[in-house]
Amino acid sequence: PDVINEPLFAANNVCDIDKVKAALKDPSKITMVQCAPAVRVALGEDFGMELGSLTSGKMAAALKALNFDKIYDTNFAADLTIMEEGHELIKRVTEGGTLPMFTSCCPAWVKFLETNFPELTDHLSSCKSPQQMAGAVFKTYGAKVNKIDAKDIYSISIMPCTCKKFECDRPEMDSSGYRDVDAVLTTRELAYLIKDAGIDFNSLEEIPFESPLGVYTGAGTIFGVTGGVMEAALRTAYEVITGEEIPSIDIPAVRGRDGFRTTEVQIGELTLKVGVVTGLKNVVPILEDLKSGKLDLHFIEVMTCPAGCVSGGGQPKLLLEEYRETAYDNRIKSTYKHDANLPLRKSHNNPEITKIYSKFLKEPLGKVSHSLLHTKYCIKNK
Ligand code: SF4
């Protein structure tokens, strides 16, 4: 199917291609790049590959060929998000806190809530999104392990999402003393950059993302699909609370494309009631139920785009609707297949996550985490 290759479409007409090109040529800058989970199952479509083809290795090779200094991965930060968000949920449920807790990794959802239901913002998780966590970690722990000065780091993210450009500019996102993320490119803008540099994407030899901030589990990669954050959080919350292995690592009840789906998960003595929402039109009745005291859930994932980030506004665009739906379905299937084939599938089993806590963060929800990885969303009615 035809693909519209339009790189310059972005929220607020912001296009960071020129800024990124300048940073790549600037010898005083160390470029650290991260790629969101959904990008790897869509980028290949701009190079004529089958819809939903997994291109993690080629994408990493393309970034190397473009001369990025450190090829890291948002999936690592997705694992980190689960550690923080999972512990935040456990704390709110067991010690008392505002419930239900809403996920906060979709900036369009966060902004929608702030603008239309400001009285409910305490329900948001205080976690920054994986994009912002990765950026904050690049300029602190990343600077430390690479023995470089944080001021020299230029932090770039490749996202399926035009709204991530807005998120990186939010005033709260500089708790390390530097902006977490300096520039955001969408999937389409990355494809443009690769073509512009004359790189033959299809013939690139696959390479892995770099350690330590590019190592990830299956739980990190399913962040790219609706229900994925919930499933990843449940995998970790179950094992942290019970100290036992989760009986089934796949949680089909939170998968699918329905606008609102709920399930109950038995975790030891606790019956955790969870919901997954995709598409903002589906969240309004839920928020009204919450306000009128009719909602009985502990944790709700909300994503703005119809199939989650795999269908984000920065992904390759398909001209015909029939292909669009197939693309979404294939990207979802490809994401779950990638998860199933990875050697580690739970965020708390990621060895580099263990290491960052032992060497730097110390503990989930600890002092360092709170200052770097959490925030208070503060934009009101703009
Ligand atoms: Fe962006 Fe859509 Fe993903 Fe939300 S669901 S983070 S708007 S791509």
Within the range 103-119, identify whether any single residue is assigned to a helix (DSSP H, G or I), over 30 Å from Ser56 (Cα atoms), more than 16 Å from the ligand (Cβ to nearest atom) and not basic (Lys, Arg), and answer yes or no.
yes
query: Do we find a residue being touching a residue at least 40 places away in the same chain (Cβ under 8 Å) and surrounded by fewer than 19 Cβ atoms within 10 Å (Cβ to Cβ) anywhere in the range 129-139?
result: no
Does Thr94 fit the bill of being over 22 Å from the mean Cα position of the chain (by Cα), at pLDDT below 95 and not in a strand (DSSP E or B)? yes
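Given the options Gly256, Gly220, name the one that is small (Gly, Ala, Ser) and in contact with a Pro (Cβ under 9 Å, 6 or more places away or on another chain). If you could, list the steps in order and put the result at the bottom.
On the way: Gly256 fails: in contact with a Pro (Cβ under 9 Å, 6 or more places away or on another chain).
Step by step, each of Gly256, Gly220 is checked, and only Gly220 is small (Gly, Ala, Ser) and in contact with a Pro (Cβ under 9 Å, 6 or more places away or on another chain).
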Got at least one residue in the range 192-213 being in a helix (DSSP H, G or I), within 18 Å of the chain's Cα centre (by Cα) and on the phi < 0 side of the Ramachandran plot? no
Selection over the range 293-330 where residues are part of a loop (DSSP other than H, G, I, E, B) and either within 10 Å of the ligand (Cβ to nearest atom) or crowded, with 17+ Cβ neighbours inside 10 Å (or both) yields a count of 11
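The values are calculated or read from the model by the stated rules, or taken from the named source; none is laboratory data. What you see is a predicted model, and the numbers here were worked out from it, not measured in a lab. Here the Cβ is made from the backbone with ideal geometry for all residues, glycine too, and neighbour counts use every protein chain on show.
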